[in-house]
Amino acid sequence: MLFEVYKNFSPRLRVFYLIFALLFTALSVGLFYRQVILWPTYLEQEKKQNHRRILVPGPRGNIYDRKGRLLVGNRPRFSAVIYLSELRPEFRRKYIEVVRSARSTNRKINRNELQIEARSAVVQNYLNRINRILNRNDQVDRKEVERHFRQNLLLPKPLIKDLKLSEFALLTEQLPVNFPVQIHTESARYYPSGSRAAHTLGFVGSTFEVPEEGVPGNDLTTVTYKGKTGRSGLERQFDEHLQGTSGGEIWVVDPSGFQYELASQKLPVKGNDLSITIDIDLQQAAEEALGDNKGALVALEVKTGEVLVLASKPDFDLNNLSPYIPNEVYRSINERGAWLNRAIAGLYPPGSSFKVITATAGLQSGAIDLETIFECQGFLQVGNRHFPCNNHRDRGEISFSRSIMKSCNIYFQNAGLRTGVTQISRTARQFGLDQPTGIELPNETHRMIIPDPEYKAARQHGPWTAGDTANLSIGQGYLLVTPLQMAAFTASFARRETRTHPTLLHDPAADPRRIDHGGEKLNLPEELYNGIVEGMEMAVSGRDRGLLVGSGRMAHVPGIRIAGKTGTAQTQVKGEKLTMAWFICFAPIEDPKIAIATVVESTDPDYLYGGGSHAAPVAKKVLQAYFQNKNPSGNNLATR
Amino acid sequence: MNEDRRTLVILAVNGLLYFALNQVNAVLAPLSLHLSLDALYLLFAFLYLKTNQGLLIGFLTALFIDAALPVPFGVHTILYFCTLAALLRMRRELRRDNPRHIVLAAFWSNFFIMLGLSLLVGKGLLAQWDFWLRFCSDLAISQLLLIFLVRWWVDAQRQVLLLWDIDVGSELQQF
Amino acid sequence: MVRKIPHATKPIVLLLGLLLTWLLLPAVFKSYSRAGFFEFQAPLWVTAAEFKNLGDSWALRAHSKKELYETGRDLARLNSAYELKLQEIDALRDELSRLERILVLPSLPRFQYRIARVVRRDQSSWWQQLVIQKGKLHGIPVGAAVVYSGGVVGRIREVHAYTSVVELATSPGFRMAAHFDNDERPVTYQGAVNLPFSSPRGKVMNVPPDVVVTASVPRRLTSSRLGGVFPDGLTIGWVNRLTTSPDGLFQSGQPYLDKNLLSLKEVAVLIPLGTGGTP
């Protein structure tokens, strides 16, 4: 016998039994742990490895004007796309063909290079078929095919983007239903009114940051179709509100990343709509009246502060910025200085339109009253500064109301000197001219200036002089405001309050009496207030021997009582002395409904613009359109 | 010689059935109904003829049917071959003289072919409820007709063969 | 020693062998076989159609002489009315050409037509097609539009020597560009599965959200010339309901098609001028 057999149990074997039992238990526990306890974890891991998520952004909500007319919508953007995952067998066949051909010609075989060649050739074949249908001659970009193959295999590869409707129809009819090339639809922003209210509405840009809420599979590898995000205007301000709810697809993929089964799908949902206060008819009237000029016009509903018009020129056609901004379009807009929304970010000295504030300050302080008379000899010497007055020809004594009517600089400079800079600045601040209005738009400027001695000192421009006060009294000097601020001021003045909060959000159910604009009642006795309004009315409708003679006569609309004030501000732009023509008004005087502020920039130093000649006619067009809408029969509205 | 003749005869009979079935389907078309009685092409050949004869008949009939339809050429061939394989597998268990067995074989063969065709050809339609509703209605009418027709049809084929002095009934013992 | 395959597995082995053989057959062989089998059975369908014609003709013989006279008279009247229409059409064509020349417009696509009898109908849940008695020898091209008095029938999918296969507009595999009456924007029409005992239906997709249809005022869906196959304005069907998609971009609906589409006896194939063969 080779081995001794121990029939009796040896106690030393116990150790081995113990070790064996321990090891076996450890193994069993380990097995149980792996197979049962970790089962969900492994399942999750497996899911992560072979599941991919495609995020599809939801189209943005529409924007409507106050009458429910579409201002911004979505248009379908059709592209011919190819699903690479369906071409796998063809890629393989072509690759074999290419390798064979390379071998037969003794070409050096670079497998990667040949694979790229094969894939491009297959895609080109399909593109050729589309070319034949559409009568085009597009070529596949090899690098792009490869990049798409490596990075976005789950997404269809676009072959021809932005198909015309006729091309869409041709492909719809002539491509087989089950074919690797299909028509893919995305949404692109669509602006039925073109350039109307372009700055207010704003535009969108592409982004890969697409909201993921509600789309399952957060932990999965995700590829995303490009979404859209607001870049300016309301599109940016209300981006979250307008943004659609993303949809998604979860695909099971094979080890090479090709999709082969749709595991789940959630459809994208359109974003919320937005109803704004703009009246597109008035907006159109304003923009047409501004024509090719540089400038802005803001019209507010006096009681609610709702913005009826927010026009800025030059502008741009929003449709040219969707779905992306071509370089030449960007350059053209840049060169024309059209990106700037002059209505909210354009800073201008208000010129004589500021005289309403000077008058209010003077009357409030008691420095002047309605009977105050000053003498105008065509110029005023204040210290070493010489101020001319070319606004009217008649010289001699001039009354309060006539000074507003004729926009006499000398009267208001004298009144200003009597009132003092502190009171004038305080009144301007009371009307909120030193701060942004808070309109729901991005990029409203914060750089407006209501100057006073502290301001001048802080900027080390020297001590405040009487000449500075005289200059401030007629809306010149350091003073800078935006057209929106002047419109808000005009609306406040029309309501006899100190503040107007302009808003773009339309709420037809809102009760105007309950709207709190954040200001207070204007501290001016009715008689004095009426005195200013009377002067403003005369500026528009004042007659002499039957003829209109006010500075703002070109804004006169027969049948409507309008209180207006012109302004012509001088300013230096890039070393050139240019004029800015202003007109502010509200109407009708008996029950103010609309307040307008408009500014028109001159672009040629040799050609001076005047508030009466260049800004008042623009406002008139808007007033006509407004009252025509209010009274469609137009019986009492004559046009001249 | 007899073997060749029976193949030809059954093929001709299948052709006749194909033609008749198309005429019936043309009449049913305005009602959006469609009869599929594929089992009738196969059953006699598979149950009463030799394997290679059955194969040949199935093969040629399938190609004949496929040629005129918008399906990949050979779909019916594959389905018929699969049915053949199943029938061959059951040949020993099936009692060909038992009418109930014949009806059952026809019923399942036809169901299998219709379902297989739907899965192979339906592609994008499989997820549509309407497709399955139409499938079920076509299936119901086809299966109902099949139950009534199959025994008569098998007998008719036997009678036709008798015209050529071929009595497959007496040959049943071979299997 | 060769091991015998067990009896139970024999059918499976046989099946696998057959399937493998079939799969390995070259595609050319299969396509030739297919064409051969089709051409082989085509006379069967044509003969059947001829028999049907004969039957119809014999049925007509049963009419009395008086009935035939009356029918002949009605026919003559119809013919004169059509003659008049033809003259009007010719005049309109001339006017159209004149305007095209003046305005330097591209001329509208023009078609010649071939009338063809339907010799076979295949309308199941899987496919919807017709076989017509005109083929390559009659100048029928693949992809040509097929129409009837009620509008669109479908499109030529296969052309054989003297028969052609038409994919019906009700077939799920059929898709074309369409538009609604008085709205030129193209939408997509696609065939759909027909439910038993109901009118044939299709699907209309990519309908702009501002298109309005109601059950009380259904709108006609017609062919669009933009697709390049069908002339403009041929009726496809009627739509009485549209549903907006969740993304709000489009609406979709189910047009109801003419029931006669499923029992057509004669159709016309439209051949774009300059592409067809000789009549």
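The values are calculated or read from the model by the stated rules, or taken from the named source; none is laboratory data. Owing to the predicted nature of the structure, the values given are computational and were not obtained by experimental measurement. Virtual Cβ from ideal backbone geometry, glycine too; neighbours counted across all protein chains shown. These area figures cover heavy atoms from the full protein model, side chains too; ligands, DNA and RNA do not enter into them. Shrake-Rupley method; radii C 1.70, N 1.55, O 1.52, S 1.80 Å.
Of note:
- Residue check for B:Leu146: modelled with pLDDT of 90 or more, within 15 Å of the chain's Cα centre (by Cα) and within 11 Å of chain C (Cβ to nearest Cβ): no
- One residue from A:Arg93, A:Arg69, A:Arg53 being within 30 Å of A:Gln124 (Cα to Cα), among the basic types (Lys, Arg) and surrounded by fewer than 21 Cβ atoms within 10 Å (Cβ to Cβ): A:Arg93
Condition check ((1) under 17 Å from C:Ala49 (Cα atoms); (2) at pLDDT 90 or above) across all residues:
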| position | (1), (2) |
| --- | --- |
| C:Leu96 | no, no |
| C:Glu100 | no, no |
| C:Leu103 | no, no |
| C:Pro106 | no, no |
| C:Arg117 | yes, yes |
| C:Ser125 | no, no |
| C:Gln129 | yes, yes |
| C:Lys136 | no, yes |
| C:Pro141 | no, yes |
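- Within the range C:47-75, tally of residues that are of a type in the set (Val, Ile, Thr), under 28 Å from the mean Cα position of the chain (by Cα) and away from every other protein chain (no Cβ under 12 Å): 0
- Counting only helices (runs of 4 or more DSSP H) that sit completely within the range A:60-161, those holding 2 or more residues that are within 14 Å of chain C (Cβ to nearest Cβ) and of a type in the set (Val, Ile, Thr) correspond to A:111-134.
- Qualifying residue in the range B:124-141 (condition: within 14 Å of chain C (Cβ to nearest Cβ) and farther than 30 Å from C:Gln190 by Cα): no
- Looking only at residues of the range A:164-194 that are open to solvent by less than 30 Å² (accessible area, probe 1.4 Å), more than 7 Å from every other protein chain (Cβ to nearest Cβ) and of a type in the set (Gly, Ala, Ser), we find that the one that is farthest from C:Leu168 (Cα to Cα) is A:Gly194.
- Among residues that are in contact with a strand residue (DSSP E or B) (Cβ under 9 Å, 6 or more places away or on another chain), away from chain A (no Cβ under 14 Å), part of a strand (DSSP E or B) and at pLDDT 90 or above, C:Val269 is included.
- Hits in the range A:78-90 (condition: open to solvent by 30 Å² or more (accessible area, probe 1.4 Å) and touching a residue at least 24 places away in the same chain (Cβ under 8 Å)): A:Tyr83, A:Glu86, A:Arg88, A:Glu90
- Verdict on A:Gly567 being surrounded by fewer than 16 Cβ atoms within 10 Å (Cβ to Cβ), at pLDDT 85 or above and not in a helix (DSSP H, G or I): no
- Check on B:Leu88, in contact (Cβ under 8 Å) with a residue 24 or more places away in the chain, over 12 Å from B:Asp38 (Cβ atoms) and of a type outside the set (S, T, N, Q): yes
- The range A:498-530, residues that are in a helix (DSSP H, G or I) and open to solvent by 50 Å² or more (accessible area, probe 1.4 Å): A:Pro512, A:Arg513, A:Arg514, A:Glu526, A:Glu527, A:Asn530
- Count of residues meeting criterion [farther than 25 Å from A:Asp604 by Cα and in contact with a Pro (Cβ under 8 Å, 6 or more places away or on another chain)] in the range A:276-305: 5
- Scanning the range C:114-146 for residues that are open to solvent by 20 Å² or more (accessible area, probe 1.4 Å), more than 9 Å from every other protein chain (Cβ to nearest Cβ) and within 19 Å of B:Pro30 (Cα to Cα) yields a single hit, C:Arg117.
- Filtered by the rule that a residue be closer than 19 Å to A:Gly567 by Cβ and either acidic (Asp, Glu) or open to solvent by less than 30 Å² (accessible area, probe 1.4 Å) (or both), the range A:531-540 gives A:Ile532, A:Val533, A:Glu534, A:Gly535, A:Met536, A:Glu537, A:Ala539, A:Val540.
- Unmet requirement for A:Ala581, which otherwise passes all of (1) of a type in the set (Gly, Ala, Ser); (2) in contact with a His (Cβ under 7 Å, 6 or more places away or on another chain); (3) surrounded by fewer than 24 Cβ atoms within 10 Å (Cβ to Cβ): (3)
- Which listed residue, of C:Val229, C:Val193, C:Val187, C:Val142, is of a type in the set (Val, Ile, Thr) and out of contact with any Asp or Glu (no Cβ under 9 Å at 6 or more places or on another chain): C:Val187
One line per residue, one yes/no per condition, for (1) in a loop (DSSP other than H, G, I, E, B); (2) touching a strand residue (DSSP E or B) at 6+ places or on another chain (Cβ under 8 Å); (3) modelled with pLDDT of 85 or more:
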| position | (1), (2), (3) |
| --- | --- |
| A:Ile560 | yes, yes, yes |
| A:Ile584 | no, yes, yes |
| A:Glu590 | yes, no, yes |
| A:Ala616 | no, yes, yes |
| A:Asn635 | yes, no, no |
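- Unmet criterion (only one of (1) buried (at least 19 other Cβ atoms within 10 Å of the Cβ); (2) in a loop (DSSP other than H, G, I, E, B); (3) facing chain A (nearest Cβ under 9 Å)) for C:Leu226: (2)
- The number of residues in the range A:202-230 being open to solvent by 80 Å² or more (accessible area, probe 1.4 Å) and under 12 Å from A:Pro323 (Cα atoms) comes to 1.
- Single residue of A:Tyr478, A:Tyr455 found to be aromatic (Phe, Trp, Tyr), open to solvent by 30 Å² or more (accessible area, probe 1.4 Å) and more than 15 Å from A:Pro349 (Cα to Cα): A:Tyr455
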